[in-house]
1. Rg to Rh for the chain: what is it, with Cα atoms only and Rh by Kirkwood?
2. Within 14 Å, Cβ to Cβ, of GLU93, how many net charges do the neighbouring residues add up to if Lys/Arg are +1 and Asp/Glu are -1?
3. How would segment 48-105 be classified by its alpha-carbon gyration tensor: rounded, prolate or oblate, with rounded meaning a/c under 1.5 and the a/b versus b/c comparison settling the rest?
4. Give, rounded to the nearest 20 debye, the magnitude of the charge dipole that the chain has about its Cα centre when Lys and Arg contribute +1 at Cβ and Asp and Glu contribute -1 at Cβ.
Amino acid sequence: MGFCLLSNAAIVARHLQQEHGLQRVAIVDFDVHHGNGTQDLLWDEGRCLFVSSHQMPLYPGTGRPEETGAHGQVMNLPLRGGSGGREMRGLYERVVFPALEAWRPDLLLISAGFDAHADDPLAGLEWQAEDYAWLTRHLCGFAGGRVVSTLEGGYDLDALASSIAAHVGVLEERGR
């Protein structure tokens, strides 16, 4: 229902489980739009934790908190437009990081959408590049640092470039 034809994160998670024996995979999707395709593909998969923070209301209109998956392994965390990085940080500290700690994933996949940036024309979460660096730094602390990131969205080229640079810069420093 969005701009993506395939759910890269769900495909990678299932492949790693089936072909490489990973037991517990977590996917964190911080795209401004709800990861409805990933949610649908993993709805019945009890070995994958799927966390989506996204602006609501906003297209595609899915991602309500009560959408929790067949095994309670789906977490939808809607944010209101204009809420900014401070509200996102609080939500991740209160809800997402404890859930990841409890899940103890073998691998963390990040669906990295940079369209929550303040300059992006498609939505209005008002994040800054520093918010993406903060979030990436914290996410790298899970799964023993075994993290894979995929680019999901971002439509203002300058905001996209600065956000990706912040995100990849943290990944690079953590990979050393």
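1. On the Cα set of the chain, Rg over Rh gives 0.93.
2. +1
3. oblate
4. Magnitude of the dipole: close to 600 debye.
Bear in mind these aren't lab numbers, they're just calculated from the coordinates by the rules spelled out. Fair warning: this is a prediction, and the values are worked out from it, not measured in the lab. Here the Cβ is made from the backbone with ideal geometry for all residues, glycine too, and neighbour counts use every protein chain on show.
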